[in-house]
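The values are calculated or read from the model by the stated rules, or taken from the named source; none is laboratory data. Just so you know, these numbers come straight off a predicted model, no measurement behind them. Cβ coordinates were reconstructed from backbone atoms using ideal geometry, including for glycine residues, and neighbour counts include every protein chain displayed. Side chains are part of the model used for accessible areas, which takes the heavy atoms of the whole protein and leaves out ligands, DNA and RNA. Shrake-Rupley method; radii C 1.70, N 1.55, O 1.52, S 1.80 Å.
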Amino acid sequence: DAGVIQSPRHEVTEMGQEVTLRCKPISGHDYLFWYRQTMMRGLELLIYFNNNVPIDDSGMPEDRFSAKMPNASFSTLKIQPSEPRDSAVYFCASSPVRGGSYEQYFGPGTRLTVT
Amino acid sequence: AQSVTQLDSQVPVFEEAPVELRCNYSSSVSVYLFWYVQYPNQGLQLLLKYLSGSTLVKGINGFEAEFNKSQTSFHLRKPSVHISDTAEYFCAVRPKTSYDKVIFGPGTSLSVIP
């Protein structure tokens, strides 16, 4: 398996622009997580899905952030409008329910810079 | 609720020396325990995990960790580090009764000095 795939790997945009981050989880995984990592705040859980349904979005910082999972193989995290404080590395992770492994598998991340 | 404390934010160590990265957790329910490693400009990957059984677990790259229930600790050790071990290390817990929530610690930055 190719692992969790994220695109783009780097994104530089100007304040006020819309940004869309993409994630393809590992096939067969039931859970999908979106995290944000910054030096100041560490690793933060933004939202997660189970079987394509959003379960907990309490970590989404504000209404400018939205996430969707239209099918089992694709998810997006959108920021509109973007602000400089959104600059961070955004990770997607997936996890299976079956098999007893319990751990999360992380993608390589998208480094977002908002100028 | 659960919480994870990693007592050292940065740990410098000379190459071939032993290292211990400390992790303590707080939880009112039984938990599974994990250590993840993040190499520069990469995502997190699993080093090792404790689910049940022997309290000493071995992971990849020569790392091991010991679960101590009475002290609610899960310290990570390696007898001899290599330059390639330079990375950020995260301790994490997950309640046995709740599949979805994994709580990550703040991370420990390990720097191996040649």
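Counting only protein heavy atoms and using a 1.4 Å probe, the accessible area of A:His10 comes to about 130 Å². The label point for A:Asp56 and the one for B:Ile83, both projected 7 Å from the Cα toward the Cβ, are 4.2 nm apart. Taking the empirical scaling 2.2 N^0.38 Å for compact globular proteins as reference, chain B has a Cα radius of gyration ratio of 1.02. The GluC sites (Glu not before Pro) of the range A:1-43 meeting both criteria, a DSSP state outside H, G, I, E and B (loop) and at most 16 other C-beta atoms within 10 angstrom of the site's C-beta, are A:Glu14, A:Glu18. The dipole here belongs to the protein assembly as shown: it is taken about the Cα centre, uses +1 on the Cβ of Lys and Arg and -1 on the Cβ of Asp and Glu, and is about 440 debye.
Charge tally for B:Gly43 (other residues, Cβ to Cβ under 14 Å; Lys, Arg +1; Asp, Glu -1): +2. Computed about the Cα centre, the dipole magnitude for chain A is approximately 240 debye when only Lys and Arg (+1) and Asp and Glu (-1) carry charge, each at its Cβ. Please report the carbon-and-sulfur percent of the accessible area for chain A; probe 1.4 Å, protein heavy atoms only, DNA, RNA and ligands left out. Answer for chain A: carbon and sulfur cover 50 percent of the accessible area.
Under a model in which nothing but the beta-carbon of Lys, Arg (+1) and Asp, Glu (-1) is charged, chain B shows a dipole of about 480 debye around its Cα centre. Counting every alpha-carbon pair across the protein assembly as shown, the share separated by more than 23 Å comes to 49%. Over all Cα atoms in chain A, the spread is summed up by Rg and Dmax: 13.5, 44 Å. Please compute the net charge surrounding B:Pro79, taking Lys and Arg as +1 and Asp and Glu as -1 over other residues with Cβ under 15 Å from its Cβ. Neighbour charge sum, excluding B:Pro79 itself: -3. For the protein assembly as shown, taking a cut-off of 4.7 Å between Cβ atoms, no cysteine is left unpaired.
Measuring nothing but how far apart in sequence close Cα pairs (under 8 Å, 6+ apart) lie, relative to its length, chain B scores a relative contact order of 37 percent.
With a cut-off of 14 Å between beta carbons, the residues surrounding B:Thr108 carry a summed charge of -1, where Lys and Arg count +1 and Asp and Glu -1.
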